[in-house]
Structure formats: structure tokens, C-alpha cells
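First the structure, in the form of C-alpha cells, and then the observations on it.
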């Protein structure tokens, strides 16, 4: 069997369309996941009460149930539960969004709790209003701590979008798999998308590692 | 809209055996992959820390390629593309086990490397000054100090390994997830089937996560004489939070 990388280029438009679906799922998951994470994080920071318990439960459940299972659950159960015909792309992205909400809530919370207690006390001593304390003092510092894990999470989420292939969403991974089976050129197509994912994720992850090290050096 | 009072679980007793088989496949795959990945991750980490460039660079390349591509792509590659290169076809379970152990060993390599690097250089030097041979230094002096550092992240990786098995259904490994798909095609009760399966995963996952949390509590307390890097490794929840998903 001759290795023929040029065949990938011939089917490039289809792969590009798959990449578009992948990005769409990624965007939907983030756009819904970040607000969920903010709410859940706020709930967890309350310390006690029903809200804190609910938020903690949410984080536990959505971090422990495997992503693939969650995606299948959404894909098959959302239409009968809501009565609407929900497409695979939307149900899958929604599952990823709920999971992202749980992971990001933990990342946000860890960031906020990394801010020194003295900052709270100083703000209180200066009689700053709660709102100003949050927006001008706590969140800017928390964002610094949360940035490396947040970027890391983005790479994880991009890898997670491949799971939509299991419910037949024609993302990059499924396109390559189908093209491979149609042309009997699995090696070329599967290697090509492995390279594509690597080329996207590698620099982002390296960048996150670099700022993580700089942050660790700065705060020591 | 579905009427929630119409839930029907009468299929459950009839399909308890396929469900148990699926669960068994999930469990042994996760356990086997983890048991393969811990020693191989440790060896890879040792090579990365102590080896020459001709050892370090291939390991670095392997670890990065595995960590920065999705497991689904790796599994499909090993099951469908690798046979083109080798000429041997693997069964879904074999491919799944290979993909999962490779994937997890790359992550464990990173954990072990961080653990080994966290041990102060003086420990290596002191052991050498006392006349230990290189392998003995690692086995008798370094490794006993590395274990308590790496146990909490390793426990989290174990939870992650269990979760990752659900992806292997794509190459027709009949794990619990795929068993659910197949049962659903018989009974067509998706809400009930997938909820039951999700609850099974949740129950086992909670058990594992509880174990991991216990280990974390036991080992995460910073001890006297530990380097700052070690304390960072053990105590940074923000770093860990994002690292056992998908």
C-alpha cells in the first residue's frame, strides 16, 4: 500500500466543513458553559445553604459522568423530554456546555480563592462597596490565577468536541473517519486530522504552561 | 412531551446480563490500562529526567503527541490506520486497551516527572556521595519521596481513566456505554436506558472520586523540608481541576 498524502488535499473542502462544525460546537459549549460556570461558582462561594449544596452537587455530577455518556443522554433524552426535535449538534454541544460549566466553575472558584484574604480585608477597611471590591480588586487578580487552567480547559474542550462524532455529528473527526472508510485510506485521513488537532492544541497548551510558570515564579 | 409517569423499567431485568458484561468490560479496561500506564509512565518520566537527548526527545514527542490529540482520534487511528502499517488487525478490545494505556501513560509520565523534579537535587548528590549506584539512588532514595507527591494526581488520573473508557465505544468496544446503545435499539426506551447507565457511571465514579479525595487529604499536607515546587504540585487545585477530562 502506497502512502498518498495528496488524497487528503483532494477532500480538503469536506474536512474544512467538518472543522467548521467542530468550531461551532466549541463556541456553543463555551457560550453556554461560561454563564453556567459563573452562576455555579457564585453558588459555591456562598459557603452554606441550599444554593451552595446544589452547586457542589452540580459540579460533582457533571465532572464524574463520562462526557460520552452525557452526550448520548442528551442526544436521546432531550427530544422526548422537551418535545422539540433537537439536532445532534445542539444536544451534543449542550452536553459539553453543561460539563464545561462544572469544570469552569471549579477553575473560577480556585482563581477567586487564590486571591489573598488581605485584599478583602484591605478593601473592607477602605470602605469600598462590595461591587467595586469584586470588579476592581478580586476579579482582576483572580483572572490572573485562573488564566492558565482556563486555557488548558479550552484545549480539553476542543478534544472533547470529537465526542460529538459518536452521535453522528459531522465534525472534523467523523468526516475523516467516513472519508477514510469510503476511500480505504484510513492512514492518510486519520493521520491528517491527528496532525490538525496537534497543530492547534500544541501551541495553545505550551503558551498556557509558559504563563503558568511565570505566574508561579511571580507569586512565590 | 413525554409523560414522566409512563417510565418503564420492565426491560431492566431482561437486559441485566448484557449490562453486567458491559460494566465488566469498562472496569477491566480501566484497571488494566491504569496498571499498564503507571509503570510505563514512571519509566518514561525517568527517561525524560535522567536520559540523554536521544532518550529525552522521543519521549517528549510521544508525550506531547498523545496529550495534545484527542483519545477518540488515537483510538480510531490505532484500530483502523495502524493495521495498514503493520498488516495485523487488532480486535476492538486490543486496540482500545492499547489506545487507553498509551493515552494514560503520557499523562502519568507528566505527573511522575513533576514528582521526580520536585525532589531536591541534594538528595541525588547525597546518595551518590554515600556510594549508591544510580538505579539504587532512584529506587531507594528518590522513589519513596516521589510516591506521596504523585499519589493524589495519580488517584485523579484513575478517575479520568475510568471516564475515558466510555469513548472506546467508537471502535466497537462493547463497554457499558455501547451496551446501552445496543439495549436501546432493542427496547427503544432511551430515557430509561441512558439514565440507568449514567447512574451506574455516577455511582462508580463517586466511589473512585471519594477514594481520590481521601488519598488527597492524607497526602496533600505540606511537610517540613519539602521544596516549594513539591508543595505547589500537591496543593494547586486550579492546576488539577482541568486535567482529568475528555
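The values are calculated or read from the model by the stated rules, or taken from the named source; none is laboratory data. Keep in mind that what you see is a predicted model, and the values were worked out from it rather than measured. FYI the Cβ positions are ideal-geometry reconstructions off the backbone, even for glycines, and counts take in every protein chain you see.
The table that follows gives values for the structure above.
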read-out	value
Any chance residue A:47 is away from chain B (no Cβ under 13 Å), modelled with pLDDT under 95, farther than 26 Å from residue B:203 by Cβ and surrounded by 15 or more Cβ atoms within 10 Å (Cβ to Cβ)	no
Residues of segment A:188-214 satisfying the condition of being over 15 Å from residue A:9 (Cβ atoms) and within 8 Å of another protein chain (Cβ to nearest Cβ)	A:190, A:194, A:197, A:198, A:201, A:202, A:205, A:212
Tally, over segment A:139-170, of residues that are buried (at least 17 other Cβ atoms within 10 Å of the Cβ), within 20 Å of residue A:42 (Cα to Cα) and away from chain B (no Cβ under 14 Å)	0
Residue tally, condition more than 23 Å from residue B:62 (Cβ to Cβ), part of a helix (DSSP H, G or I) and without any contact (Cβ under 8 Å) to a residue 60 or more places away in the chain, over segment A:181-210	2
Options A:110, A:68; residue that is free of Cβ contacts under 8 Å to residues at least 60 places away in the same chain and on the phi < 0 side of the Ramachandran plot	A:110
Subset tally (residues that are within 7 Å of chain B (Cβ to nearest Cβ) and either part of a helix (DSSP H, G or I) or surrounded by 20 or more Cβ atoms within 10 Å (Cβ to Cβ) (or both)) for segment A:83-102	0
Subset of segment A:7-37 [surrounded by 15 or more Cβ atoms within 10 Å (Cβ to Cβ) and under 30 Å from residue A:60 (Cβ atoms)]	A:22, A:24, A:25, A:26, A:28, A:29, A:30, A:32, A:33, A:34, A:36, A:37
Checking residue A:130 against (1) touching a residue at least 60 places away in the same chain (Cβ under 8 Å); (2) farther than 24 Å from residue A:62 by Cα, the condition it does not meet	(1)
All positions within segment A:1-59 that are within 15 Å of the chain's Cα centre (by Cα) and closer than 30 Å to residue B:85 by Cβ	A:22
Qualifying residue in segment A:54-64 (condition: within 30 Å of residue A:136 (Cβ to Cβ), touching a helix residue (DSSP H, G or I) at 6+ places or on another chain (Cβ under 7 Å), free of Cβ contacts under 8 Å to residues at least 40 places away in the same chain and in a helix (DSSP H, G or I))	yes
Test: residue in segment B:115-138 that is surrounded by 15 or more Cβ atoms within 10 Å (Cβ to Cβ), closer than 25 Å to residue B:213 by Cβ and within 14 Å of chain A (Cβ to nearest Cβ)	yes
Members of segment A:107-121 that are buried (at least 23 other Cβ atoms within 10 Å of the Cβ) and either under 18 Å from residue B:160 (Cα atoms) or more than 14 Å from every other protein chain (Cβ to nearest Cβ) (or both)	A:107
Count of segment A:120-155 residues which are farther than 21 Å from residue A:66 by Cα and out of contact with any helix residue (DSSP H, G or I) (no Cβ under 6 Å at 6 or more places or on another chain)	22
Selection from segment A:63-78 of residues that are under 24 Å from residue B:6 (Cβ atoms) and either surrounded by fewer than 18 Cβ atoms within 10 Å (Cβ to Cβ) or within 7 Å of chain B (Cβ to nearest Cβ) (or both)	A:69, A:72, A:73, A:76, A:77
Residue among B:191, B:199, B:168 that is out of contact with any helix residue (DSSP H, G or I) (no Cβ under 6 Å at 6 or more places or on another chain), facing another protein chain (nearest Cβ under 10 Å) and in a helix (DSSP H, G or I)	B:199
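Here's the yes/no breakdown for (1) under 23 Å from residue A:158 (Cα atoms); (2) within 21 Å of the chain's Cα centre (by Cα); (3) within 14 Å of chain A (Cβ to nearest Cβ):
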{"site": "B:51", "(1), (2), (3)": "no, no, no"}
{"site": "B:64", "(1), (2), (3)": "yes, yes, yes"}
{"site": "B:82", "(1), (2), (3)": "no, no, yes"}
{"site": "B:85", "(1), (2), (3)": "no, no, yes"}
{"site": "B:93", "(1), (2), (3)": "no, yes, no"}
{"site": "B:102", "(1), (2), (3)": "yes, yes, yes"}
{"site": "B:105", "(1), (2), (3)": "yes, yes, no"}
